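The values are calculated or read from the model by the stated rules, or taken from the named source; none is laboratory data. None of these values were measured; they are calculated from a predicted model. Using ideal geometry, Cβ is built from the backbone for each residue, glycine included, and neighbour counts are taken over all protein chains shown.
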Amino acid sequence: MSSFYGIELGLRALRAFQIGMDVTGHNVANVNTPGYTRRRVVFTPMPEYPLSPRLRLGSGVMAQSIQRLRDMMLEQRINRSGADLAQLDTLRQQLQQIERLFNEPGELGLSARLDALFNAFEELATRPDSMAARQSVIQAASALASTFRTLHRDLNTQESQLMEQAQARIQEANHLAAQLGRLNEQIRAATASGAEPGDLLDQRDQLIRRLSELVGARAHYAQDGSVMVYVDGHTLVQDGAAFPLPTTIDLPNRALDNTPVDIRIQTGELRGLMDAIANLQSYRADLNRLANTLITQVNAIHATGYGLDNNTGYLFFDGSDASNITLHADISDPSHIAAASIPNAPGNGGIARALADLRNTPQGALGGVSITQFYRNLIGRVGNDAQLSKNRAESQQLTMAHLLQLRESVSGVSLDEEAANLVKYQRSYQAAAKMISAFDALLEDVLQFVAPR
Amino acid sequence: MRISTGWQFWQMERAIERANDRLSLWQRRVSTGRRLEQPSDDPVGSVHALAIRQSLQQLDQYGRNIREARLFLQATEQALADIGSLLNEARQIITQGANDTLDADARDALIQQIRRLKERLVQLGNQRPDGERYLFSGQNLHTQPFTLIGGVLTYGGDGNPLLVNIASDRAIPMNFTGAARLADLYNKLTDVENHLLTGDTAALSSIDLRDIEAFQSEFHRYRGEIGVRLRELENYETLYAARKEQLQGALADIEEIDLTEAISQLKQQELSYQAALQVFTRVQAINLFDFLRGG
């Protein structure tokens with residue numbers, strides 16, 4: 001046994017505690033880093049040294065490894081839950097924007113415009129001979145038509161923005177997948193050399209989480225430290241290779257067109273966008289159905305009536321749906337508005353009355369409800385969808401918060417704890433240093449003994 | 001459970017965010033007075049509110065219709081009242097003319113009177129209360145209803161009703177559809193005039209008197225019918241005033257806030273916001289590192 005045994009033992013302790021302080025410092029430095037997993041040094045006693053058959057002397061401490069404190073099961077649950085939250089939150093945001101386009105309830109909404117037109121018809125029924133009443137019919141009808149067209153255009157604009165966003169999500173996912181492939185290689189190389197590459201693993205987990213948020217990707221962890229990521233049946237990343245997602249969206253099936261099998265997008269932001277687009281399209285279809293029924297019904301009645309010029313067969317609206325509804329050229333002269341059901345009777349408002357009655361007449365083309373009721377139902381649906389998505393997103397947020405809390409309680413850095421660790425390692429370091437100086441004093445005594453005077 | 005520093009801050013941030021959200025919501029509500037901004041705030045309520053607005057709009061329109069109908073009906077009632085007094089005068093002339101002892105001058109005076117009555121009748125029949133629409137033309141609004149052809153008054157209107165919607169299931173005519181009878185009356189007065197000229201006291205005292213009395217009761221009935229319609233308008237107007245108030249109340253319940261409740265909510269939210277901020281400053285001051293610094 002060497003005379004310096006004690007000093008070496010002390011030195012090892014110094015080194016180990018230094019590592020402890022370094023790891024503490026790393027933890028403290030990353031207290032605000034998203035996705036950082038707290039590290040812990042695992043100390044282990046050095047092998048014992050046989051002094052004699054009956055005496056085995058310990059040889060100090062060593063820092064065996066630096067552990068990342070992570071619960072893999074929990075991480076996977078968080079990824080799945082995060083993907084669902086991303087889906088619901090995206091849907092909530094988009095539906096709220098779509099809802100705003102309708103301007104309801106308010107004076108600028110379609111509902112007020114419909115009321116104004118039917119009132120104008122009613123007024124015309126009372127004063128069929130009045131030019132003022134005819135002018136206000138024209139005004140109300142063109143305001144209604146332009147509100148239809150504006151709403152239709154706004155929905156289209158919103159739809160193309162959503163489509164762009166969906167494409168951007170696919171691009172981002174493909175970009176991250178390529179990054180993940182490279183990272184896989186680096187991790188494998190580092191793991192092969194023995195040490196756990198903590199920061200690379202943190203980066204990888206971040207990428208995986210973002211991928212599951214984007215497209216609902218799932219990860220499968222291999223023994224060699226690499227990870228396989230897949231979406232539905234499609235392998236997105238395997239080892240160093242990334243297989244990008246196709247960019248053609250099959251909306252009705254909430255899938256991406258792919259050979260041989262389409263890739264279904266079950267959750268994530270992309271799914272939220274797809275759901276929002278599908279909702280928007282169904283609102284727009286209803287709006288078109290409403291406009292079409294209004295055009296057809298008003299024209300059918302109007303064509304049978306007589307204008308002040310005693311001619312008949314005039315059309316009121318032109319167009320086929322909400323995108324192109326306008327006033328028909330026939331009524332560019334207000335005296336052509338056919339208020340009367342018989343010729344030569346300027347005081348007859350029979351047709352105007354029939355047009356006013358359309359307000360509450362059930363329509364077969366609208367599933368047996370009136371024009372105004374159909375629109376109210378549409379607004380009810382828009383509001384309901386937005387409210388439902390808001391509630392679902394909020395409850396998913398609670399689930400997610402709970403999981404994150406669990407994760408944080410395992411993996412998050414606590415400054416109090418690190419402060420305590422710091423004190424602990426500092427004191428241990430001091431003690432080890434004291435020990436070295438004690439051995440040093442011992443050696444000095446011995447050296448004084450043998451040194452020439 | 002182990003609480004990490006990041007989690008602690010995240011939680012406090014969320015708490016402040018939530019408190020701030022609620023605070024600004026109630027600030028907005030108090031300043032706008034509105035509870036419902038988007039359909040999703042209350043989908044069922046929004047649909048209901050749209051329906052109520054439609055009903056209110058319709059009530060306003062019926063109100064305008066009623067006012068329009070009343071103008072026309074009141075003019076009609078006045079015209080029928082004038083015809084009533086015209087008939088009274090005609091009856092007096094007939095009873096006086098039926099007297100055998102009448103001298104020629106008195107008879108001439110009666111003839112002049114009956115001629116004036118005929119002129120008045122034509123004027124009444126061709127009147128336009130608003131200067132553009134003939135009261136008695138029916139739907140043939142802009143055509144003068146009565147014209148004299150060879151001393152005979154003919155009716156050129158169509159006698160069709162000018163219908164006005166005063167409720168979703170009630171349309172009433174705002175004109176007098178029996179206007180053609182004015183021509184018959186005129187021609188009866190011509191008979192009377194002729195009998196006065198020829199001194200046919202027998203016809204005057206029998207047929208003419210009987211016919212005029214029949215006209216009197218007939219036009220009295222017409223006037224009564226117009227009166228019934230005017231009262232119906234009155235009833236609907238009262239009904240609508242009450243219903244409008246009720247609907248406006250219901251709409252306010254859905255769309256608007258109760259100010260007292262909103263202000264107390266606002267104060268409460270201000271308090272929770274302050275509390276959240278205070279918790280933040282307290283908690284962030286507590287940290288083991290602070291206690292170590294001195295040592």
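For the reader, a short list of remarks on this structure follows.
- Test: A:Val31 is loosely packed, with under 12 Cβ neighbours inside 10 Å and among the hydrophobic types (A, V, I, L, M, F, W, C): no
- Flag if A:Ala322 is in contact with a Phe, Trp or Tyr (Cβ under 7 Å, 6 or more places away or on another chain), buried (at least 17 other Cβ atoms within 10 Å of the Cβ) and among the small types (Gly, Ala, Ser): yes
- Hits in region A:50-92 - residues which are part of a loop (DSSP other than H, G, I, E, B) and over 21 Å from A:Ala13 (Cβ atoms): A:Pro53, A:Arg54, A:Leu69, A:Arg70, A:Asp71
- Residues that are touching a residue at least 12 places away in the same chain (Cβ under 8 Å), within 9 Å of another protein chain (Cβ to nearest Cβ) and either surrounded by fewer than 23 Cβ atoms within 10 Å (Cβ to Cβ) or closer than 15 Å to A:Gln87 by Cα (or both) within region A:377-402 comprise A:Arg381, A:Asp385, A:Ala386, A:Ser389, A:Lys390, listed in sequence order.
- Being β-branched (Val, Ile, Thr), under 41 Å from the mean Cα position of the chain (by Cα) and not assigned by TED's automatic domain parsing to the domain that holds B:Ser55 is a property that B:Ile286 lacks.
- Pick from region A:2-56, criterion in contact with a strand residue (DSSP E or B) (Cβ under 7 Å, 6 or more places away or on another chain), in contact (Cβ under 8 Å) with a residue 24 or more places away in the chain and over 30 Å from A:Leu200 (Cα atoms), ranking: farthest from the other protein chains (Cβ to nearest Cβ): A:Leu51
Let's see how each residue does on (1) surrounded by fewer than 23 Cβ atoms within 10 Å (Cβ to Cβ); (2) at pLDDT 95 or above; (3) in contact with an Asp or Glu (Cβ under 8 Å, 6 or more places away or on another chain):
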{"site": "A:Arg80", "(1), (2), (3)": "yes, no, no"}
{"site": "A:Leu88", "(1), (2), (3)": "no, yes, no"}
{"site": "A:Gln96", "(1), (2), (3)": "yes, no, no"}
{"site": "A:Ala125", "(1), (2), (3)": "no, no, no"}
{"site": "A:Asp129", "(1), (2), (3)": "yes, no, yes"}
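- Residue check for A:Asp84: more than 12 Å from chain B (Cβ to nearest Cβ), surrounded by fewer than 21 Cβ atoms within 10 Å (Cβ to Cβ) and at pLDDT 90 or above: no
- Conditions (1) facing chain B (nearest Cβ under 8 Å); (2) charged (D, E, K, R); (3) under 28 Å from A:Leu11 (Cβ atoms); number of the one not met by A:Glu408: (3)
- Among the residues making up region B:4-26, those that are in contact with a helix residue (DSSP H, G or I) (Cβ under 7 Å, 6 or more places away or on another chain) and either of a type in the set (A, V, I, L, M) or farther than 14 Å from B:Ser272 by Cα (or both) are B:Ser4, B:Thr5, B:Gly6, B:Trp7, B:Gln8, B:Met12, B:Ala15, B:Ile16, B:Ala19, B:Leu23.
- Restricting B:Ser55, B:Ser31 to those that are in a helix (DSSP H, G or I), within 14 Å of chain A (Cβ to nearest Cβ) and closer than 30 Å to A:Glu107 by Cβ reduces the list to B:Ser55.
- Test: residue in region B:169-181 that is closer than 19 Å to B:Tyr222 by Cα, without any contact (Cβ under 8 Å) to a residue 12 or more places away in the chain and touching a strand residue (DSSP E or B) at 6+ places or on another chain (Cβ under 9 Å): yes
- Matching residues, region A:111-158, being without any contact (Cβ under 8 Å) to a residue 12 or more places away in the chain, out of contact with any Gly (no Cβ under 8 Å at 6 or more places or on another chain) and at the interface with another protein chain (Cβ under 10 Å from one of its Cβ atoms): A:Ser130
- Of the helices (runs of 4 or more DSSP H) lying entirely inside region B:180-293, those containing at least 1 residues that are away from every other protein chain (no Cβ under 14 Å) and among the acidic types (Asp, Glu) span B:180-198, B:209-255, B:259-285.
- Residue in region B:1-28 that is surrounded by the fewest Cβ atoms within 10 Å (Cβ to Cβ), counting only those that are within 9 Å of chain A (Cβ to nearest Cβ) and in a helix (DSSP H, G or I): B:Arg14
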